[in-house]
Amino acid sequence: MKLELKKIKLGPGSEETTQFTAELYVNGKLAAYCDNAGKGGPTDIRAYGKGDQKLVDEAEKYCATLPPLDLGGGTSIPMNLEHWVDDQVYKAEKEKEIKRVLLKLNKKCEKGIIALSKSLLENFKAGKSVNVSYREWNVKVPISSLSDAQKRAYVIQITNLLNGDEFIYNENLPKL
């Protein structure tokens, strides 16, 4: 069985749970509307039409065969359709946060040099950590206005200051 959650829209009003709306597709067919008000209550999954309830029921049975949902710390709960939907929303929320942070870092690379740990970045991208720390060296002019020789000099200077698995994140600088 193929389950997909599409058109996920995260809301700004989350208090205890994530506020969202989404559409559930079962085997490529739009089957249900899903939402959570973000106030700690359960996620609602409502079939679009009469025939769609059968698809939702089949999806529920399918989810019961999936591995338990790992809550961390050695705790897990049996999978069901509501948990599957919530997990997909959680993944979408994390992906959105990852994109936001990486966009911020890329913007900083226009005016400065960013160095960070390769393992910390990989853990962040994989959702294993909630943030990624970095070091930043500001340049007085935009990086794009520097000559190749100036860029190379900055890279050499900063490479000598890096620790452990740190690397220069900037794509607008030469690699040594």
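Residue by residue, here is whether (1) farther than 30 Å from residue 35 by Cα; (2) of a type in the set (Val, Ile, Thr); (3) open to solvent by 40 Å² or more (accessible area, probe 1.4 Å) holds:
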position: 94; (1), (2), (3): no, no, yes
position: 98; (1), (2), (3): no, yes, no
position: 108; (1), (2), (3): yes, no, yes
position: 115; (1), (2), (3): yes, no, no
position: 142; (1), (2), (3): yes, no, yes
position: 148; (1), (2), (3): yes, no, yes
position: 151; (1), (2), (3): yes, no, no
position: 154; (1), (2), (3): yes, no, yes
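Taking the residues in the range 24-81 that are of a type in the set (D, E, K, R) and farther than 18 Å from residue 5 by Cβ as candidates, determine which candidate is nearest to the chain's Cα centre (by Cα). Outline the logic, then answer.
Taking the range 24-81 and keeping what is of a type in the set (D, E, K, R), we get 29, 35, 39, 44, 46, 50, 52, 54, 57-58, 60-61, 70.
Now narrow it down to the ones that are farther than 18 Å from residue 5 by Cβ: 39, 50, 54, 70.
Numbers: 39: 22, 50: 35, 54: 32, 70: 18 Å.
Among residues in the range 24-81 that are of a type in the set (D, E, K, R) and farther than 18 Å from residue 5 by Cβ, the one nearest to the chain's Cα centre (by Cα) is 70.
If I ask for residues that are within 10 Å of the chain's Cα centre (by Cα) and either modelled with pLDDT of 95 or more or of a type outside the set (D, E, K, R) (or both), which ones from the range 114-129 would you list?
Answer for the range 114-129, where residues must be within 10 Å of the chain's Cα centre (by Cα) and either modelled with pLDDT of 95 or more or of a type outside the set (D, E, K, R) (or both): 124, 126, 127.
One residue is enough: does the range 48-55 have a residue meeting the conditions in a loop (DSSP other than H, G, I, E, B), out of contact with any strand residue (DSSP E or B) (no Cβ under 6 Å at 6 or more places or on another chain), open to solvent by 30 Å² or more (accessible area, probe 1.4 Å) and at pLDDT 95 or above?
no
Taking the residues in the range 130-147 that are aliphatic (A, V, I, L, M) and closer than 30 Å to residue 90 by Cβ as candidates, determine which candidate is nearest to the chain's Cα centre (by Cα).
Result: 130.
Might you check whether a residue that is small (Gly, Ala, Ser), farther than 22 Å from residue 125 by Cα and in contact with a helix residue (DSSP H, G or I) (Cβ under 9 Å, 6 or more places away or on another chain) occurs anywhere in the range 25-42? Steps first, answer last, please.
First, pick out the residues of the range 25-42 that are small (Gly, Ala, Ser): 28, 31-32, 37-38, 40-41.
From what's left, farther than 22 Å from residue 125 by Cα: 28, 31-32, 37-38, 40-41.
So of that shortlist, the ones also in contact with a helix residue (DSSP H, G or I) (Cβ under 9 Å, 6 or more places away or on another chain) come out as 31-32.
Within the range 25-42, one or more residues are small (Gly, Ala, Ser), farther than 22 Å from residue 125 by Cα and in contact with a helix residue (DSSP H, G or I) (Cβ under 9 Å, 6 or more places away or on another chain).
The values are calculated or read from the model by the stated rules, or taken from the named source; none is laboratory data. Just so we're clear, the structure is a prediction, and the values are computed from it rather than from any experiment. Note: ideal-geometry Cβ built from the backbone for every residue, glycine included; neighbour counts use all protein chains shown. Heavy atoms of the whole protein, side chains included, go into the accessibility calculation; ligands, DNA and RNA do not. Shrake-Rupley method; radii C 1.70, N 1.55, O 1.52, S 1.80 Å.
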